[in-house]
1. Hey, ASN55 hits all of (1) closer than 21 Å to VAL146 by Cα; (2) part of a strand (DSSP E or B) but one; which does it fall short on?
2. Would you list the strands (runs of 3 or more DSSP E) that sit entirely within segment 79-129 and hold 3 or more residues that are within 15 Å of the chain's Cα centre (by Cα) and either surrounded by 12 or more Cβ atoms within 10 Å (Cβ to Cβ) or at pLDDT 95 or above (or both)?
3. Please go through segment 1-42 and give me each residue that is more than 17 Å from the chain's Cα centre (by Cα), closer than 14 Å to PHE71 by Cβ and of a type outside the set (S, T, N, Q), ordered by number.
4. Quick check on my filter: what residues within segment 1-33 are without any contact (Cβ under 8 Å) to a residue 24 or more places away in the chain and either in contact with a Phe, Trp or Tyr (Cβ under 6 Å, 6 or more places away or on another chain) or small (Gly, Ala, Ser) (or both)?
5. If I ask for residues that are among the hydroxyl-bearing types (Ser, Thr, Tyr) and in a strand (DSSP E or B), which ones from segment 32-52 would you list?
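The values are calculated or read from the model by the stated rules, or taken from the named source; none is laboratory data. Keep in mind the model is a prediction, meaning the values are calculated, not measured. Counting neighbours? That spans all protein chains shown, and the Cβs are built from the backbone with ideal geometry, glycine included.
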Amino acid sequence: DQLNATSGTLGGTLNVSFINGFSPALGDKYRVVASAYGGFFNGSFTALNGVHATNGLVLVPVYGYYAGYYFVTLVAANDPILTSTSHSGNPFVLSFPTTAGFTNVVEYTSTLNPANWQPFATNIGDGTILSVTNSPLTSSNRFYRVRFQ
């Protein structure tokens with residue numbers, strides 16, 4: 001489905017459902033919000049539910065404005081989950097799949113309650129498995145995540 005309106009404010013949760021066993025292919029695009037010519041939407045969705053497909057892809061919202069139209073498109077990308085990690089001595093080596101054209105940020109925190117995520121690597125994806133290295137100054141516990149920017 002698609003929301004078509006002149007203008008408005010986005011917020012709240014976008015709920016996505018895959019029906020009848022459907023899974024998107026890498027790069028598939030689904031426009032979910034579109035404005036009338038000259039319209040505009042403020043804000044963004046604060047939460048996304050159901051965007052992880054069963055084939056390892058995730059639908060990523062892309063907010064845009066082009067030629068007088070505002071839109072939100074969900075794009076199927078490789079889910080940037082950590083596929084391998086290693087720790088030998090001080091450095092941590094983390095690997096994850098990338099998607100061409102999407103930027104990923106790798107972050108760490110020393111505690112999860114409350115989490116204080118700190119970025120240490122930002123990379124533009126090229127469709128390969130990317131490895132990044134983090135060398136903490138201390139040997140404290142670290143928690144890592146990868147997200148789209």
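1. The one condition ASN55 does not meet is (2).
2. Details: elements: 84-87, 92-97, 103-109, 118-124.
In segment 79-129, the matching strands (runs of 3 or more DSSP E) lie at 103-109, 118-124.
3. Result: LEU3, ALA5, GLY8, LEU10, VAL33, ALA34, ALA36, TYR37, GLY38, GLY39, PHE40, PHE41.
4. Taking segment 1-33 first, the residues without any contact (Cβ under 8 Å) to a residue 24 or more places away in the chain are 19-22.
Within segment 1-33, GLY21 is the sole residue that qualifies.
5. To start, the set of residues in segment 32-52 that are among the hydroxyl-bearing types (Ser, Thr, Tyr) comprises 35, 37, 44, 46.
Those that are among the hydroxyl-bearing types (Ser, Thr, Tyr) and in a strand (DSSP E or B): SER35, TYR37.
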